[in-house]
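Have a look at the structure below, then the notes.
Nothing in this text is a laboratory measurement; each read-out follows from the coordinates by a stated rule. Computed from a prediction, not measured in an experiment: that's the story for all the values here. Glycine also receives a Cβ, built like all others from the backbone with ideal geometry; neighbour counts cover every protein chain displayed.
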Amino acid sequence: MARSPGKSFFGRFGVHIAVAAFVIIWTIPTLGILVSSLRAKDQIVASGWWTALTTASHTDAGRLGGAANQVEKDGKFLIMGNLFGAGDSRTLTAFGIKAQAPAEFPAGSVADLGDGVTLQVNNDGSYVMSSPVAFEGDRARRIYYAASIPPDFTAENYKTVLLSEGIGRSFINSLTVTVPATIIPILIAAFAAYALAWMRFPGRALLIATIIGLLVVPLQMSLIPLLKMYNGVGAFFGVPAKTYLGIWLAHTGFGLPFAIYLLRSYIAGLPREIMESARIDGASDFEIFVKIVLPLSFPVLASFAIFQFLWVWNDLLVAMVFLRTDADQMVLTARLNNLLGSRGGNWEILTTSAFVTILVPLAVFFSLQRYFVRGLLAGSVKGG
Amino acid sequence: MTAQILSAIITVLIGVGGCVIYFWGANRLIDLVFPSRGVSGAAAIDNLRRQGYIRPWLFVGPALIILTVYLIYPAIATFYYSFHDRGGQSFVGLSNYSWALGDREFRQAIFNNLLWLLVVPAACTFLGLVIAVLTDRIWWGTIAKSLIFMPLAISFVGASVIWKFVYEYRGDGQTQIGILNALVQFFGGDPQVWVSTPFWNNFFLMVILIWIQTGFAMVILSSALRGIPEETIEAATIDGASPFQIFWKIMIPQIWGTIAVVWTTITILVLKVFDIILTMTNGQWNTNTLANLMFDWMFRGTDYGRGATIAIVIMLAVVPIMIWNIRQATREGGGH
């Protein structure tokens with residue numbers, strides 16, 4: 001590319017700003033659930049996740065001890081105690097005695113409540129109220145205070161979600177669905193792709209056209225007949241209609257057109273000379289395929305494997321049609337969809353579950369991005 | 001659970017082993033039935049020819065069977081069911097189609113799908129192109145592209161949770177924890193319930209798909225832009241063309257084919273959009289689309305006839321793209 005545009009300082013600066021803006025808009029939403037999943041439950045609802053690192057402050061009300069708690073010391077009557085419970089990480093910054101002025105006195109200062117009564121409240125929430133005469137009545141005094149909450153990060157949400165919300169089990173289920181559904185189509189597609197690329201037989205052109213046509217056929221076209229077929233097969237053999245085997249085969253079927261298409265265009269591009277010299281040496285098609293084509297096709301096999309893995313792992317529709325919705329078979333996407341219904345407002349559970357769900361695809365994506373991009377380019381640019 | 005993991009491992013072994021045994025065994029079998037080695041010359045040539053007839057079908061056989069069972073037969077059957085009643089038994093003619101035309105939900109879904117088709121592919125292609133051009137000019141472009149590309153790896157359900165959190169609304173007086181409402185409040189506006197305000201909520205759902213798919217458009221278009229010969233741009237620069245002229249008159253025409261590919265790919269995806277609707281609104285507040293409506297009739301309505309009819313309508317929209325693809329491929333491909 002020519003570097004002519006943006007030669008000026010401002011032009012170049014503008015490009016940096018624009019790209020930075022796009023990157024921020026594109027990453028902020030994901031960052032939001034990552035940060036939230038690490039925050040304590042009560043903090044998520046108290047303040048926006050973008051304030052997670054700052055110390056939040058809030059005002060609250062508390063009650064001092066009643067007259068029954070008073071002790072007499074040096075001729076004064078004292079009520080002592082602490083506004084905060086044990087283990088409270090808050091810091092009291094100010095206090096007040098009226099709701100209208102909750103932060104009238106700074107922490108540690110002595111407030112004059114009139115009639116010689118004084119109140120001192122410290123940073124840690126401890127207080128001393130003293131009076132020259134004995135306190136009376138059992139109505140405890142209500143006071144107001146401002147406290148700051150330090151950032152509180154925790155792995156507690158992950159523990160909850162994995163162990164008691166069923167995400168852990170669903171993680172295993174997702175793996176159970178994904179791994180075979182990724183591996184099974186590869187070999188089947190590779191043989192077909194080789195035949196379509198390098199063997200001559202009647203009907204080949206028609207087959208290729210069919211596969212290109214099938215590439216865009218929406219999944220929705222298959223669901224109802226397959227559902228009926230599975231129910232029929234299940235009833236006929238007296239086996240459950242919704243099994244892992246069923247979904248493995250379904251994903252294999254739905255993934256095959258793309259697999260054959262992608263592999264064929266790559267295998268067809270292998271140098272003709274290699275094939276021909278092997279054939280002259282007396283190698284059969286089978287030998288050529290196993291010894292030459294398969295090893296040379298590794299990059300495209302890897303590309304397809306990543307695609308199929310991401311597609312199956314992220315799929316919700318096929319899983320909802322072909323698997324049961326109990327703990328034994330519910331995959332991560334289905335579980336997350338369920339939690340959205342049952343745990344609508346519990347953002348600590350939703351954000352954490354979502355992050356667990358997207359963790360594996362993101363890891364695959366970032367570690368194997370090269371193959372992913374290569375497959376994407378090969379799969380869409382040539383054929384469209 | 002251990003049994004489940006074990007059975008998965010065993011299936012992988014049986015599946016892969018079965019494939020290997022099938023391909024190897026079938027190959028051995030035709031070698032034995034029609035031997036080409038150790039027989040007289042004429043017979044060997046004859047047998048080789050016979051092998052040449054059979055072997056391709058051994059190679060494509062398993063794929064062909066699976067494609068037929070999982071895609072070709074169901075497509076025909078869906079067409080058949082669309083003319084039948086809820087259980088798929090008795091013929092009802094066009095009554096499913098006339099139901100669809102009169103149904104308020106269905107018309108809403110068609111309208112929304114059209115809206116999605118107008119906005120999403122255009123937005124993704126446009127944003128993808130802009131980002132591709134911009135990131136090509138800066139040293140940290142690869143990192144930027146990688147981050148914008150990332151949502152493509154996230155499931156629609158995961159993305160829905162992510163965006164539901166962005167759109168989160170809390171009642172007046174409470175702290176807004178959704179970043180969109182917090183921003184609106186910061187700039188002095190009133191927080192809104194984004195996903196349940198009819199008509200406009202469609203656009204807030206579309207944002208999710210645009211967020212996911214822009215990276216796809218960007219990667220494909222960026223690679224096409226790199227394929228433009230350097231000389232043409234240099235020549236234009238020497239002739240005194242401005243950056244905008246170069247972009248519109250030199251670059252865009254050269255990558256027109258790629259833009260069409262990106263556009264159609266996203267169009268097909270949009271027609272099938274289901275997960276986002278299901279998880280964000282489940283079709284409430286006038287956000288239903290055809291794919292979600294079909295799911296509704298399949299499971300909650302248990303009317304296979306109507307479900308199949310909706311599938312056919314989705315398919316009809318795909319057919320032109322399908323024909324165009326096949327023609328394109330056969331024109332280019334020919335041999336291979």
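Please say if chain B is rounded, prolate or oblate, where rounded means a/c under 1.5 for a ≥ b ≥ c the square roots of the C-alpha gyration tensor eigenvalues, and otherwise the choice is prolate for a/b larger than b/c and oblate otherwise? Oblate is the answer for chain B, as a/c is 1.5 or above yet b/c matches or exceeds a/b.
Whole number please: convex hull volume per residue, Cα atoms of the protein assembly as shown, in Å³.
Numbers: hull volume 163.7 nm³, N = 720.
Here the figure is 227 Å³ per residue.
Based on DSSP H runs of at least 4 residues, each adding -39500 (n - 2.57), what is the mean residue ellipticity at 222 nm of the protein assembly as shown after dividing by all its residues, to the nearest 500 deg cm²/dmol?
Result for the protein assembly as shown: -20000 deg cm²/dmol, rounded to the nearest 500.
Applying 1/(1 + (r/R0)^6) with R0 = 35 Å to the Cβ-Cβ distance of B:Arg104 and A:Ala235 gives a FRET efficiency near 0.45.
Compute the Rg/Rh shape ratio of region A:9-52: radius of gyration over Kirkwood radius, all on alpha-carbon atoms. Show your work: numbers first, answer last.
Details: Rg = 15.1 Å, Rh = 12.2 Å.
With Rh from the inverse mean 1/r over Cα pairs, Rg/Rh is 1.24.
Take the Cα of A:Thr59, step 7 Å toward its Cβ, do the same at B:Asp31, and the gap between the two points is 8.8 nm.
Inter-chain neighbour count for B:6-12: the average number of beta-carbon atoms from partner chains within 10 Å of each residue's beta-carbon is 5.
Using 0.36 nm times the number of residues separating A:Trp50 and A:Arg343, minus their current alpha carbon distance, what extension gain do you get?
Working: separation 293, 0.36 × 293 = 105.48 nm, distance 2.25 nm.
Full extension of this stretch gives 103.2 nm more.
So how strong a dipole does chain B carry about its Cα centre when Lys and Arg Cβ are +1 and Asp and Glu Cβ are -1, to the nearest 20 debye?
For this selection, approximately 820 debye.
Please arrange A:Leu294, A:Leu187, A:Leu215, B:Leu101 by how many other C-beta atoms lie within 10 Å of their C-beta, fewest to most. Please report the intermediate quantities before stating the final value.
On the way: A:Leu294 16, A:Leu187 19, A:Leu215 22, B:Leu101 10.
Fewest-to-most Cβ neighbours within 10 Å comes out as B:Leu101, A:Leu294, A:Leu187, A:Leu215.
Going from the residue with the fewest nearby Cβ atoms within 10 Å to the one with the most, A:His16, A:His58 rank A:His58, A:His16. The modelled label-to-label distance between A:Val128 and B:Asp85, using points 7 Å beyond Cα along the C-beta direction, is 8.9 nm. If R0 is 56 Å, the Cβ-Cβ spacing of B:Val16 and B:Gln245 corresponds to a FRET efficiency of close to 0.50.
So how do B:Trp200, A:Trp347 line up by other beta-carbon neighbours within 10 Å, fewest first?
On the way: B:Trp200 10, A:Trp347 26.
Fewest-to-most ranking of B:Trp200, A:Trp347: B:Trp200, A:Trp347.
Considering only B:Ala308, B:Phe216, B:Val166, the residue lying farthest towards the positive end of the dipole of region B:96-333 is B:Ala308, judged by Cα position with unit charges set on Cβ.
From the P(r) of region A:283-328, can you give the percent of Cα pairs sitting at distances over 13 Å? Pairs farther apart than 13 Å: 69 percent.
Taking every C-alpha pair closer than 8 Å and separated by at least 6 residues, the mean separation divided by the residue count of region A:158-380 gives a relative contact order of 35 percent. Placing dummy labels 7 Å off each Cα toward the beta-carbon, the span from A:Asn69 to A:Asp281 is 9.1 nm. Taken along its principal axes, the alpha carbon cloud of chain A reaches lengths of 114, 73, 34 Å, longest axis first. What FRET efficiency comes out for B:Leu183 versus A:Asp152 if R0 is 22 angstrom and r is the Cβ-Cβ distance? Round to the nearest 0.05. Plugging the Cβ-Cβ distance into 1/(1 + (r/R0)^6) gives 0.35.
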